[in-house]
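The values are calculated or read from the model by the stated rules, or taken from the named source; none is laboratory data. Since we're looking at a predicted model, the values are computed, not measured. Cβ placement follows ideal geometry from the backbone for every residue including glycine, while neighbour counts extend to all protein chains displayed. These accessible areas exclude ligands, DNA and RNA; they are computed on the full protein's heavy atoms, side chains included. Shrake-Rupley method; radii C 1.70, N 1.55, O 1.52, S 1.80 Å.
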Amino acid sequence: MAEGRTRLVVVGGGTAGWIAALMLQRHAASTNRAIDIVVVESSRIPTIGVGEGTTAVFRQVLMDLGIDETDFVRRTGATVKFGIRHKDWRRKGHCYDGPIDDPNLLALSRQLMPGEQQSMLHIYAVATGRSVADIHLFGELMQRRKSPFGLDGDELVPAGPFQHAFHFDQAKVGAYLREITAGVELIDAEVAELRRDAETGNIEALVMTDGTELAGDFFVDCTGFRRKLIGEGMGARWISYQDHLPVNRAMPFWLDHDETEDIAPFTLAWAQEAGWMWAVPTQERIGCGYVYSDAFTTPDEAKCEIERALGREIEPRADLRFDSGRLDRAWIGNCLALGLSSSFLEPLEATSIHGTIVQLMLFTRFFFDKACSADDTTRQRYNDAVSRQLGDFRDFINLHYVGERDEPFWRHARGECMNEATRDMLAFCTENMPRRADFQPFPGDLPHINEQLFYPVLDGLGHLQRTVAKSEMAASPKVRAHARKATDAHVRDYKKAAGNCLGHRRYLELVAEGAVSFRWQ
């Protein structure tokens, strides 16, 4: 950045804003950059918590920031997430799990020549007719509603080497991150307009509703759907994904936990007649919502449908219309958009917070030093990477709609909304089993969707061919024998580890009582 101290202004708090402040602060400290970070967050703009799931990258950020996991869980009411349970997506009565761990990365699985182990265990599972979730530690923990920890005295012992994810109320997480952040100036104000340089178009200062001004060198827009900086002031244009993602309304509501059952350590995605319902368990309650298409049902009909499915009445907290998509440019001049300011995709695969974190990783690793002096080419490199990330998310979600259901909505989604990437993937899978090398890595090899996430969806929807998998295994008896040995050993270890793990509810109770501790490995 510029010589001397640089003022970096984050507008909007919440989860995205405070994660941005913390990650940028940490990067500046680790690279000896002299910056002052200011967060502008208005107490007059309410933050609504509806329940949200993360990917494992969020836990990695907690570790990198030195945040105590048990403190985080206790003070935010978070729960553990091992993956997503997809109910009725292929057809009514069918269910499949998408655990987020990768057994191919375990030591026993990697005792082959480089490259040979890519997806070896997943291919073997398909060849032998078993669900790919059955060969995952997290699949076992999902089925048994366990936590990821056993107990040694008062110390939590991880069941395996994999990073789990979380469910939480994002309003509580934003408040928690704000509370633990030190060395960042907080201004309680609301932005009315921007004062921009007449020649460059860059933001010189924010003009608040009370007439005061806040100058800065670089600005981060975390104002959510308002896009107060990047949209209103800097002229970013919205690119819709509605042709490929067929839902456009969301009806959020809450449910109470069933006290006779353990708390689910997974997100439920339950397909309905005109969309799907999410259920995200926090410690206090379950955040739910029906995401649907108003071309195939009305809000009143959607409410009735959910009540029939649940066997109880619900109290919708809102009925929101949305347009999935992204900005044409997430970085314009000296303004960077993150979170909902940058994009919004239906909440099927926890892409929102994941995307924010990976975009921050990308920015800090490759662009932070040039942020205030970047030229159009530099900004275009970043924008191209973000565009590619969100396009891949769109394509992955699009795949989920290619099942066997025969209601009008599902025929529309499978036919008119199926995009070219999904068609290519399905055509590829008629004669091949996907491998890591078939997926282009994200810049810097940062976390991104790959074959490990595609396998449960492709398998669960019936798009992987057992004959192809058997043929690929038969082509290398050595690999097949090793896959059998590794699978048997892993599954045996998973069952033993799961048996030693605390139940999910019991783990949360012990954390709430402050009776256990966890030490990052």
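Observations on the model:
- Leu336 more than 16 Å from Leu255 (Cα to Cα), open to solvent by less than 10 Å² (accessible area, probe 1.4 Å), in contact (Cβ under 8 Å) with a residue 12 or more places away in the chain and assigned to a loop (DSSP other than H, G, I, E, B): no
Condition check ((1) more than 29 Å from Asp102 (Cβ to Cβ); (2) buried (at least 18 other Cβ atoms within 10 Å of the Cβ); (3) aromatic (Phe, Trp, Tyr); (4) out of contact with any Phe, Trp or Tyr (no Cβ under 6 Å at 6 or more places or on another chain)) across all residues:
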| position | (1), (2), (3), (4) |
| --- | --- |
| Gln170 | no, yes, no, yes |
| Ala182 | yes, no, no, yes |
| Leu194 | yes, yes, no, yes |
| Val207 | yes, no, no, yes |
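- For segment 339-369, residues that are free of Cβ contacts under 8 Å to residues at least 40 places away in the same chain and either open to solvent by 40 Å² or more (accessible area, probe 1.4 Å) or not in a helix (DSSP H, G or I) (or both) total 1.
- Counting residues in segment 405-418 that are surrounded by 16 or more Cβ atoms within 10 Å (Cβ to Cβ) and either modelled with pLDDT under 95 or in contact with a helix residue (DSSP H, G or I) (Cβ under 6 Å, 6 or more places away or on another chain) (or both) gives zero.
- Number of residues in segment 373-391 that are crowded, with 17+ Cβ neighbours inside 10 Å, over 24 Å from the mean Cα position of the chain (by Cα) and in a helix (DSSP H, G or I): the value is 1.
- Annotation: of all residues in segment 454-473 being of a type in the set (A, V, I, L, M) and touching a helix residue (DSSP H, G or I) at 6+ places or on another chain (Cβ under 7 Å), the one that is modelled with the lowest pLDDT is Met473.
- Count of residues meeting criterion [in a loop (DSSP other than H, G, I, E, B), open to solvent by 50 Å² or more (accessible area, probe 1.4 Å) and not charged (D, E, K, R)] in segment 273-310: 4
- Tally of residues being assigned to a loop (DSSP other than H, G, I, E, B) and either under 23 Å from His86 (Cα atoms) or open to solvent by less than 60 Å² (accessible area, probe 1.4 Å) (or both) across segment 436-455: 7
- Considering Ser324, Ser240, the condition of being within 21 Å of the chain's Cα centre (by Cα), farther than 26 Å from Gly83 by Cα and not aromatic (Phe, Trp, Tyr) is satisfied by Ser240 alone.
- Selection of segment 480-521 for residues being outside any helix (DSSP H, G or I) and either out of contact with any Lys or Arg (no Cβ under 6 Å at 6 or more places or on another chain) or surrounded by fewer than 16 Cβ atoms within 10 Å (Cβ to Cβ) (or both) yields Leu502, Gly503, Gly514, Ala515, Val516, Ser517, Phe518, Arg519, Trp520, Gln521.
Residues checked against (1) under 18 Å from the mean Cα position of the chain (by Cα); (2) among the acidic types (Asp, Glu); (3) under 20 Å from Gln359 (Cβ atoms):
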site	(1), (2), (3)
Gly4	no, no, no
Val10	no, no, yes
Leu22	no, no, yes
Ala28	no, no, yes
Ile84	yes, no, no
Asp88	no, yes, no
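- Strands (runs of 3 or more DSSP E) wholly inside segment 211-262 that include at least 1 residues being at pLDDT 95 or above and open to solvent by 20 Å² or more (accessible area, probe 1.4 Å): 213-215, 238-240, 249-255
- Those helices (runs of 4 or more DSSP H) lying entirely in segment 1-80 with at least 2 residues out of contact with any Leu (no Cβ under 6 Å at 6 or more places or on another chain), open to solvent by less than 40 Å² (accessible area, probe 1.4 Å) and more than 21 Å from Gln170 (Cβ to Cβ): 14-30
- On the stretch given as segment 101-128, residues that are at pLDDT 95 or above, touching a helix residue (DSSP H, G or I) at 6+ places or on another chain (Cβ under 6 Å) and part of a loop (DSSP other than H, G, I, E, B) total 1.
- Evaluation of Gly49 against (1) modelled with pLDDT under 95; (2) in contact with a helix residue (DSSP H, G or I) (Cβ under 7 Å, 6 or more places away or on another chain); (3) closer than 30 Å to Lys370 by Cβ (one fails), failing number: (3)
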